[in-house]
1. For the range 25-43, what are the residues that are among the basic types (K, R) and touching a residue at least 40 places away in the same chain (Cβ under 8 Å)?
2. Which of the residues that make up the range 167-194 are closer than 19 Å to D43 by Cβ and among the small types (G, A, S)?
3. Output the residues belonging to the range 127-160 that are among the polar types (S, T, N, Q), in contact (Cβ under 8 Å) with a residue 24 or more places away in the chain and farther than 17 Å from A74 by Cβ.
4. Spot the failing condition for R117; the list is (1) of a type in the set (D, E, K, R); (2) surrounded by fewer than 18 Cβ atoms within 10 Å (Cβ to Cβ); (3) at pLDDT below 95, and only one is missed.
5. Just wondering, is there one or more residues in the range 85-95 that are under 23 Å from E143 (Cβ atoms) and not in a helix (DSSP H, G or I)?
6. For S38, state whether it is outside any helix (DSSP H, G or I), at negative phi and crowded, with 17+ Cβ neighbours inside 10 Å.
7. Quick one: count up the residues across the range 96-116 that are part of a loop (DSSP other than H, G, I, E, B), in contact (Cβ under 8 Å) with a residue 24 or more places away in the chain and over 16 Å from the mean Cα position of the chain (by Cα).
8. Does G28 satisfy being under 21 Å from Y192 (Cβ atoms) and outside any strand (DSSP E or B)?
Amino acid sequence: MTDSALPKLTPTLDRLRTHVLLHSVKRGEFTLKSGARSTWFLDTKQTACRADGIIAVTDALLEVFADDIDGIDAIGGLTMGGDPVAFGAQAVAATRGHVLRSFSVRKEAKQGGITGRIAGALEPGDRVLVTEDTTTRGTSLMEAAEQVEAYGAHPVFMTVIVDRGGTCADLAAARGIDYRPLLTAPDLGFPYGS
């Protein structure tokens, strides 16, 4: 698909899409985590872990959540996918006048010191934006939301850099969580689930 055939986006989201297409989309023959075969692979850590990429991610996040950002206390998600997004966006957002705290959800509970699965500055009662770099089915986002709730905070919003599968919105809606992906597979020129 040529750039002219891609869906129209705001300039901020288009800048993020350009970065993702340049650094994060790989073409070839791949076997996905689900076992499905694909001719493209998405490694959005290649965007989230670059300075210009996380700035583009944060600017997109601040645009997508413009009416709600000041009501969000903390941002985080399941390690590893949520970490660069949460930590980077929290730092960049602070330079834009939006103070958030960040946290990570461990894959397993820590046994020594401060125990549990939450690491970072999450506090009970927080209104939380749960994040991930990429989602296909939404399972990591849902697992993170469950841990946020178990901690006593409120997963109010969810976002990802790219929604590859198109099924997460229904899962989030069933839990009463407002889901807003920054980009989708169709925004990149690919059908959902391909």
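The values are calculated or read from the model by the stated rules, or taken from the named source; none is laboratory data. Note that this is a predicted model, so its numbers are computed, not measured. Here Cβ is always computed from backbone atoms with ideal geometry, including for glycine, and neighbour counts include all displayed protein chains.
1. Passing the criteria: only K33.
2. Answer for the range 167-194, where residues must be closer than 19 Å to D43 by Cβ and among the small types (G, A, S): A185, G189, G193, S194.
3. Of everything in the range 127-160, those that are among the polar types (S, T, N, Q), in contact (Cβ under 8 Å) with a residue 24 or more places away in the chain and farther than 17 Å from A74 by Cβ turn out to be T134, T135, T136, S140.
4. The number of the failed condition is (2).
5. no
6. Judged against the criteria, S38 is a match.
7. 2
8. When the stated conditions are applied, G28 does not pass them.
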